[in-house]
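All remarks here apply to the structure that follows.
The values are calculated or read from the model by the stated rules, or taken from the named source; none is laboratory data. All values derive from a computational prediction rather than experimental measurement. Every residue, glycine among them, receives a Cβ derived from its backbone with ideal geometry; neighbour counts consider all protein chains shown.
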Amino acid sequence: MNFSEHLPALQVVVPLLSAPLIVLLRSNGLAWAAATATSLMAFAIAVAITLGVLDGQTFPYSMGGWPAPYGIALGVDSFSAILLLIVSGASSFALLGGRPSLNSQIEAHRQPLFYAAWMLALAGLSGIVVTADAFNIFVFMEISSLASYVLIAGGPDRRALPSVFKYLVMGTIGATFYLIGIGLVYMMTGTLNLADMEVRIQGVADQSPILVAAGFITIGLALKAAVFPLHAWLPNAYTYAPHMVTVFLAACATKVSLYVLLRFDFFVFQQNLAGHAFQFATFLMPLAVLAVVVASAYALFERNLKRLLAFSSVAQIGYILLGASLVSTAGLTASGLHVFNHALAKGTLFLAVACLAMRFSSLHLQDLSGAAKSMPLTMAAFCIAGLSLIGVPGTAGFISKWYLIGAALNEGALGIGLAVIIVLSSLMAVVYIWRVVEAAYFHTPNTSAVNIKEAPRELLIITLLAALANIYFGVNSAVPVALASDAANLLMGHLQ
Amino acid sequence: MSTEKLILGALLAPLIGAVAIGLGAKLSDNVREAATLITALILCAIVWTIVPEVLAGGRPQLTLAEVVPGIEIAFRIEPLGMLFAALASSLWIINSIYSIGYMRGNKEKNQTRFYIFFAVALSATIGIAFSANLFTLFLFYELLTLSTYPLVSHKGDENSVRSARVYLGVLLTTSIGLLLPAIIWTYLVAGTGDFTVGGILAGKLQGPAVGLLLGLFVFGVGKAAVMPVHRWLPAAMVAPTPVSALLHAVAVVKAGVFTVTKVIVYIFGVDFLFAEPSGAWLLYAAAFTVISASVVALRQQNLKRLLAYSTIAQLSYVVMAAAILKPLAEIGAAVHIVAHAFGKITLFFAAGAIYVASKKTEVHQLRGIGHQMPWTMGAFTIGALSMIGVPPTGGFVSKWYILAGAFQADNYVAVATIILSTVLNAAYFLPIIYLAWFAQPKAPQADHGEAPFPAVFALSVTALLTIGFFFFNGPVLELERQIVQGVSP
């Protein structure tokens with residue numbers, strides 16, 4: 001057996017095994033180094049998988065050699081590759097540069113535990129992506145959720161506790177709904193393997209338990225993915241989490257749930273349930289549009305920088321969903337691309353926020369007056385990522401906007417309406433990003449902010465690297481576009 | 001050196017220059033300003049080296065990157081872009097000399113930032129001029145907007161930040177809201193966005209959709225300042241005068257009308273658009289802008305705002321000329337880009353020189369100023385006459401061609417607009433000239449004398465160019481005849 005065949009399993013096993021080892025490490029520095037090394041290894045595995053996928057390689061894997069559908073199967077395709085890249089990439093960036101920020105926010109004696117929880121979150125999120133088994137998804141979802149509750153609550157801000165409790169309640173409801181859904185499907189089909197389910201569900205597709213299951217699964221996952229109006233847990237959880245945790249989770253956590261939602265829907269339900277494609281589109285499209293418009297509007301009036309960006313995340317999830325709800329190859333390509341590009345932009349923005357937070361005690365816009373004078377490089381990175389979020393050409397965000405508007409315009413009159421909404425919300429993004437820019441560049445610095453220096457070097461370097469990645473993928477998008485369009489073809493391929 | 005390298009050089013020279021300016025500023029102000037001037041000279045030399053090849057019918061091109069399959073960052077120099085690039089890069093030299101006099105004379109703050117972003121803006125301008133497809137053009141169009149934002153908000157006080165917000169708001173809103181959908185629509189319909197002789201939309205689009213797409217393009221290109229998307233231009237006047245002179249009389253606004261002209265000629269195709277009645281509204285929109293902006297200019301007291309509204313009117317001249325859709329008028333559009341550039345940069349230089357020497361900004365303060373600043377007001381007079389279109393100035397040449405094109409198309413709306421606007425131009429410029437030379441100052445004036453030498457030198461050069469263009473316009477006409485080859489007269 002070739003080594004590369006084990007990559008999907010290693011993607012999960014490496015961080016999963018490192019977690020208990022990290023707990024045993026006494027030194028905080030060692031714990032950090034081990035976590036970072038593990039995360040980088042996961043990233044390397046993700047890159048190797050991506051290269052394989054781009055070569056047309058598939059990665060079928062049976063845990064313990066038990067063949068599917070009896071054993072647990074793993075599988076990786078181009079859609080999963082996008083997610084694996086952003087999950088392990090965001091984790092690596094956050095850990096590599098984040099030491100100063102984490103040291104200042106996490107109590108010293110808790111750090112090994114914190115890094116262990118981080119590894120569990122990484123393993124859980126990767127596991128959701130690589131597994132081809134519906135129940136396994138639930139298990140990994142619980143692992144990642146429990147770990148991220150710990151991560152979010154791990155900071156010094158006591159306001160994180162009520163936020164994380166809210167997240168816990170909502171997350172548990174979401175996971176339970178999902179579990180009820182797959183329970184019902186299992187009752188009717190006798191299988192948990194997604195590929196097997198796709199075949200076996202055909203005979204029972206018109207039975208009401210399946211319809212109820214589809215409802216539970218969609219709502220449950222939408223809750224985890226913070227689809228409007230089920231997003232209420234997200235803004236506070238992101239705002240009060242330690243800054244590096246926000247970088248990690250904002251880049252990938254909700255997108256992983258969205259990935260499961262799309263996968264489940266397109267593999268199992270779309271072609272088997274009569275009229276489901278129509279229901280899927282008409283149910284999710286209005287929600288996507290509302291997310292884009294309402295969440296952007298919230299961001300317009302938000303004064304806390306982190307919460308402003310969190311609301312922007314809800315809007316961006318709307319974009320991803322909007323592309324998918326078109327149920328077309330072009331739309332799904334745009335969604336896949338935006339998963340990648342938004343992770344880049346939002347990850348960079350939150351990294352810049354972490355830089356600011358190292359020097360400013362408050363992240364309210366009026367307290368950040370004149371930040372650009374004392375921290376020019378940080379604000380330059382913020383501007384670049386902000387432009388990417390807006391979708392200015394030359395940045396990664398533009399590429400997905402281009403594809404999304406193109407996909408919308410393919411849809412005739414409705415599409416023109418959607419294109420108008422996409423454009424309008426881009427303009428709202430201009431306004432909310434520019435409020436930050438004006439505060440940082442033009443307002444006179446507060447007297448307390450005179451002696452502020454740039455952020456610590458390693459954090460700053462990582463932030464700038466992330467900003468440059470936004471430009472690089474805006475000029476050379478061949479890889480993400482290839483992955484996304486392949487993923488779209490794959491999903492649409494199941495509709496025949 | 002191969003032409004490909006020259007294209008890359010023209011794009012990179014200002015960027016490298018920007019770095020050099022930043023480093024030079026650490027040594028001394030003189031080094032910084034020398035870096036600006038040398039960069040401008042190098043850029044100009046590079047651009048002019050390419051001219052003979054294009055004049056001989058060559059179309060050098062360069063593909064920089066393929067962003068995604070089918071969408072490239074690519075450059076291809078055709079006559080219109082060559083003209084625009086040569087114009088902008090040449091005037092940058094003069095403008096840099098002027099900037100030195102103005103910025104020092106006014107003791108402006110943050111001069112290094114000013115010169116750096118100026119250089120970046122020039123790189124973006126060259127990118128627009130040389131772009132081979134709509135995508136590349138859009139990329140540099142946005143870069144130009146963003147790089148000029150720090151120039152407009154230069155002073156950093158509340159007033160300029162507010163105006164800069166209008167500037168950015170209008171330009172970004174129109175470009176993301178209208179131009180981007182127009183570009184994506186074009187790619188979807190035609191399968192490409194390459195600028196192609198004869199257009200790419202013929203047979204792919206018909207009926208009202210043509211007019212709608214044209215509307216998205218024209219109003220999406222906010223830099224062309226066709227009403228009602230003109231508000232950013234008066235707002236941009238809070239910038240230091242060199243910015244108003246080169247960017248908001250030449251580079252930025254000309255990038256707007258240049259884009260509109262290029263879209264009409266190479267995306268729609270002149271003959272296709274002429275045969276399609278739904279595109280006819282553009283002429284009326286442009287004519288309306290010409291007249292109403294002139295009327296607004298009549299009522300302005302602030303000299304720079306007056307010039308801004310005059311620019312809005314003159315820009316719509318170019319759009320209107322392009323919308324006449326006849327060969328002579330298209331040539332007129334291109335020639336007017338040059339003629340207006342010489343005239344208007346002179347006027348702005350003069351306005352800035354007056355401000356540096358005397359801190360005067362309002363028209364009524366200019367009584368008798370001609371006797372104190374004869375060079376400045378002499379140049380101002382030449383610029384104003386060119387705006388009106390009096391021979392022997394450059395403005396006469398372009399008006400001649402636009403009128404000829406209008407008659408070629410039997411388009412009497414255009415003819416009437418030109419005549420009426422000429423009267424209006426005279427009505428707002430002649431009183432200023434009269435005040436400056438013949439009116440007596442009401443109270444005894446402080447003897448402020450002329451502006452600093454670099455400023456006076458620069459505005460004298462551009463005034464000479466304004467007159468010179470009347471006599472020596474052969475190469476420009478030669479170049480621009482190439483763009484209308486094959487268009488039915």
Could you tell me whether B:ALA357 is assigned to a helix (DSSP H, G or I), closer than 18 Å to B:SER244 by Cβ and either of a type in the set (Asp, Glu) or touching a His at 6+ places or on another chain (Cβ under 6 Å) (or both)?
yes
Can you tell me which residue is farthest from B:ALA426 (Cα to Cα) among those in region B:383-401 that are of a type in the set (Ser, Thr, Tyr) and touching a Gly at 6+ places or on another chain (Cβ under 6 Å)?
B:TYR401
So for region B:160-177 (the condition being at negative phi and outside any helix (DSSP H, G or I)), does at least one residue qualify?
no
Please state which of the following conditions A:GLY370 fails to meet, knowing it meets all the rest: (1) more than 19 Å from the chain's Cα centre (by Cα); (2) surrounded by 22 or more Cβ atoms within 10 Å (Cβ to Cβ); (3) within 14 Å of chain B (Cβ to nearest Cβ); (4) not basic (Lys, Arg).
(2)
Sole exception among (1) away from every other protein chain (no Cβ under 14 Å); (2) part of a loop (DSSP other than H, G, I, E, B); (3) surrounded by fewer than 20 Cβ atoms within 10 Å (Cβ to Cβ) for B:GLY211, by number:
(2)
Being over 18 Å from B:PHE217 (Cα atoms) and more than 9 Å from every other protein chain (Cβ to nearest Cβ) is the filter here; which residues of region B:165-196 pass it?
B:VAL166, B:TYR167
Identify, from the list B:LEU64, B:LEU27, B:LEU55, B:LEU37, the residue that is within 23 Å of the chain's Cα centre (by Cα) and modelled with pLDDT under 90.
B:LEU55
Just name the residue that is surrounded by the most Cβ atoms within 10 Å (Cβ to Cβ) out of those in region B:417-442 that are of a type in the set (A, V, I, L, M, F, W, C) and under 15 Å from B:VAL290 (Cα atoms).
B:LEU424
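What tally of residues in region A:206-234 results from selecting those that are over 24 Å from the mean Cα position of the chain (by Cα), surrounded by fewer than 19 Cβ atoms within 10 Å (Cβ to Cβ) and in contact (Cβ under 8 Å) with a residue 12 or more places away in the chain?
Start the filter on region A:206-234 by keeping residues that are over 24 Å from the mean Cα position of the chain (by Cα), which leaves A:206-213.
Now drop any that are not surrounded by fewer than 19 Cβ atoms within 10 Å (Cβ to Cβ), which leaves A:206-209, A:211-212.
With the extra rule that they be in contact (Cβ under 8 Å) with a residue 12 or more places away in the chain, the set shrinks to A:206-207, A:209, A:211-212.
So the answer is 5.
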Touching a residue at least 40 places away in the same chain (Cβ under 8 Å), out of contact with any strand residue (DSSP E or B) (no Cβ under 6 Å at 6 or more places or on another chain) and of a type in the set (S, T, N, Q): does that describe A:SER18?
yes
Heads up, the helices (runs of 4 or more DSSP H) in region A:269-335 (entirely inside) with at least 2 residues that are among the aliphatic types (A, V, I, L, M) and within 18 Å of the chain's Cα centre (by Cα) are A:305-325
Residues located in region B:247-300, provided they are under 25 Å from B:MET237 (Cα atoms), without any contact (Cβ under 8 Å) to a residue 60 or more places away in the chain and not β-branched (Val, Ile, Thr)
B:GLY256, B:ARG299
Any idea which of (1) buried (at least 24 other Cβ atoms within 10 Å of the Cβ); (2) more than 8 Å from every other protein chain (Cβ to nearest Cβ) is the one B:ASP157 doesn't satisfy?
(1)
Residue pairs within 7 Å by beta carbon, gap of at least six or interchain, first lying in region A:55-77 and free of Cβ contacts under 8 Å to residues at least 40 places away in the same chain and of a type outside the set (S, T, N, Q), second surrounded by fewer than 14 Cβ atoms within 10 Å (Cβ to Cβ) and not in a loop (DSSP other than H, G, I, E, B), listed first then second, are A:GLY71/A:GLY64
Which residues, counting only those in region B:235-257, are part of a helix (DSSP H, G or I), over 10 Å from the mean Cα position of the chain (by Cα) and either closer than 23 Å to B:LEU282 by Cβ or aliphatic (A, V, I, L, M) (or both)?
B:ALA235, B:ALA236, B:MET237, B:VAL238, B:VAL243
Please tell me if B:LYS223 is in contact with a Lys or Arg (Cβ under 9 Å, 6 or more places away or on another chain) and either among the charged types (D, E, K, R) or away from every other protein chain (no Cβ under 12 Å) (or both).
yes
Being part of a helix (DSSP H, G or I), touching a Phe, Trp or Tyr at 6+ places or on another chain (Cβ under 8 Å) and closer than 30 Å to B:VAL210 by Cα: is that true of B:VAL296 here?
no
Of all residues in region A:413-461 being basic (Lys, Arg) and part of a helix (DSSP H, G or I), the one that is nearest to the other protein chains (Cβ to nearest Cβ):
A:ARG435
Name the one entry in B:ARG76, B:ARG104, B:ARG162 that is more than 20 Å from the chain's Cα centre (by Cα), at pLDDT below 90 and more than 13 Å from chain A (Cβ to nearest Cβ).
B:ARG104
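Residues are listed down the side, and each one gets a yes or a no for (1) surrounded by 23 or more Cβ atoms within 10 Å (Cβ to Cβ); (2) in a loop (DSSP other than H, G, I, E, B):
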| position | (1), (2) |
| --- | --- |
| B:GLU53 | no, no |
| B:GLY57 | no, yes |
| B:VAL67 | yes, no |
| B:ILE73 | no, no |
| B:ALA86 | no, no |
| B:LEU91 | yes, no |
Please count how many residues of region B:266-280 are at pLDDT 90 or above and more than 14 Å from B:THR186 (Cβ to Cβ).
0
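Table: residues versus (1) crowded, with 24+ Cβ neighbours inside 10 Å; (2) touching a strand residue (DSSP E or B) at 6+ places or on another chain (Cβ under 8 Å); (3) in a loop (DSSP other than H, G, I, E, B); (4) of a type in the set (Gly, Ala, Ser).
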| position | (1), (2), (3), (4) |
| --- | --- |
| B:ALA329 | yes, no, no, yes |
| B:GLN365 | no, no, no, no |
| B:TRP375 | no, no, no, no |
| B:PHE380 | yes, no, no, no |
| B:GLY383 | yes, no, no, yes |
| B:MET387 | yes, no, no, no |
| B:SER398 | yes, no, no, yes |
| B:VAL415 | no, no, no, no |
Just checking, does region B:134-148 include any residue being out of contact with any strand residue (DSSP E or B) (no Cβ under 9 Å at 6 or more places or on another chain), under 21 Å from B:ALA74 (Cβ atoms), facing chain A (nearest Cβ under 9 Å) and charged (D, E, K, R)?
yes
Within region A:387-407, the count of residues that are more than 16 Å from A:ALA315 (Cβ to Cβ) and either aromatic (Phe, Trp, Tyr) or more than 8 Å from chain B (Cβ to nearest Cβ) (or both) comes to 6
With touching a helix residue (DSSP H, G or I) at 6+ places or on another chain (Cβ under 6 Å) and either modelled with pLDDT of 90 or more or of a type outside the set (A, V, I, L, M, F, W, C) (or both) as the only criterion, which of A:LEU168, A:LEU194 stands out?
A:LEU168
Please work out if B:HIS230 is more than 9 Å from chain A (Cβ to nearest Cβ), out of contact with any Cys (no Cβ under 8 Å at 6 or more places or on another chain), under 19 Å from B:VAL120 (Cβ atoms) and part of a loop (DSSP other than H, G, I, E, B).
no
